[in-house]
Amino acid sequence: MGVECGSDYNGGVGIRRPDDNVSAERHLPYELLALFEEMQNTKEDAVFPYRILCCLHTVGMRSFAQYDIADLFYHIWNLLIEQIPYPSLVKRLRELYVIRLKEYVTCHKCSHIQSRDLEVLTIPLLVRHSKYHRNLPLVSWYWCIYAGSEDHQSFCPKCEGNTAGQKVLRLSHLPRTLSIHLNRISQQKSSQLQKVNRPLSFPSTLDLSEVLDLEQFPEQEHNQSEYQYRLFAVVAHSGTASSGHYCAYIKSWKDQKWYCFNDSSVCKVSWDDVKCTYGNVNFHYGVMACLLVYIQGAGNKGPDIGK
Ligand SMILES: [Zn+2]
């Protein structure tokens, strides 16, 4: 491989081929870039991501094993952030993907409130069974989690012991990318894992000014477009809790159409096709959304990745 590593990422020149003295365990950013280049240049229908899999093997991830989509995202993210040699690029990626939250726990016994800052890549949403298989619209969930009603056991310094409390999560800033993990795996009494097929509908645009407490951001002046989010990608899973297959629906900024990426096959689909991933209790092995990626900003422009 050539020796083309720059001294730092300058915003215009991307990651290049690694120096020979970069160990094989530190190749993920280079191999990812090489894969994208190969995908653009190949005359074949598809390219095999063999070298990416080798990078993931170095951290114990196996081929042909089913991983939770959020776990996979965190593994790849952590590896990339650890291996990218340019601090300025790491900073830009963090600005683009990291969601900052504030967690508040109010002790039921003494009403003492503890808070801490959290940084996450995905906001988790546990999709629970519903006896009547009722549809769960995404915005109702949003109210639920941010109004907070989850009981949580934690140490209360005032009571000097573990007590039950109410946990509330709030966004502490408006993220550039709002990734929501729809966790449909639930543990049964028999301790077997089961996939929850209950429908969960999600909109193609989200207006957070309708659901957020606007006084929450007093120091920042946000214009209306910063509260607007557009659905950019849906990762969907078909199969059971223990085995299955992932595919992705991504909206093109060029033609504003949705495309389904399923292994080597890429085809144009409609918004109605994307909506088929809401879930359906009569279709146990069907394709169901497990990760939603919303991008900040109104209009039809592509994401602004900053300078
Ligand atoms: Zn207490």
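The values are calculated or read from the model by the stated rules, or taken from the named source; none is laboratory data. All of these numbers come straight from a predicted model, not from anything done at the bench. Cβ: placed from backbone, ideal geometry, glycine included. Neighbour counts: every protein chain shown. Side chains included, ligands, DNA and RNA excluded: accessible areas come from the protein's heavy atoms. Shrake-Rupley method; radii C 1.70, N 1.55, O 1.52, S 1.80 Å.
Residue count for the range 158-177, restricted to those that are part of a loop (DSSP other than H, G, I, E, B) and either crowded, with 18+ Cβ neighbours inside 10 Å or more than 12 Å from the ligand (Cβ to nearest atom) (or both): 5. Restricting attention to the range 264-293, which residues are under 26 Å from GLN194 (Cβ atoms) and part of a loop (DSSP other than H, G, I, E, B)? Scanning the range 264-293 gives GLY279, ASN280, VAL281, ASN282, PHE283, HIS284, TYR285, GLY286, VAL287. Within the range 178-201, the set of residues being closer than 18 Å to ALA248 by Cα and open to solvent by 40 Å² or more (accessible area, probe 1.4 Å) comprises just one member, ASN183. Within the range 70-128, being open to solvent by less than 70 Å² (accessible area, probe 1.4 Å) and assigned to a loop (DSSP other than H, G, I, E, B) holds for ILE84, PRO85, TYR86, VAL98, CYS110, HIS112, LEU121, THR122, VAL127. Checking the conditions here, which among SER238, SER242, SER225, SER191 is over 23 Å from the mean Cα position of the chain (by Cα) and either in contact (Cβ under 8 Å) with a residue 24 or more places away in the chain or assigned to a loop (DSSP other than H, G, I, E, B) (or both)? Going through SER238, SER242, SER225, SER191 in turn, the sole match is SER191.
If only residues of the range 127-144 that are among the hydrophobic types (A, V, I, L, M, F, W, C) and at pLDDT below 70 are counted, the one that is nearest to LEU193 (Cα to Cα) is TRP141.
For the range 239-258, the set of residues classified as under 20 Å from GLN187 (Cα atoms) and buried (at least 17 other Cβ atoms within 10 Å of the Cβ) consists of ALA241 only. Taking (1) more than 30 Å from MET288 (Cα to Cα); (2) in contact with a strand residue (DSSP E or B) (Cβ under 7 Å, 6 or more places away or on another chain); (3) more than 16 Å from the ligand (Cβ to nearest atom) in turn, TYR86 satisfies each apart from (2). Of all residues in the range 152-196, which are among the aliphatic types (A, V, I, L, M) and either under 30 Å from ASP207 (Cα atoms) or touching a Ser or Thr at 6+ places or on another chain (Cβ under 8 Å) (or both)? Listed by number, the residues that qualify are VAL168, LEU169, LEU171, LEU174, LEU178, ILE180, LEU182, ILE185, LEU193, VAL196.
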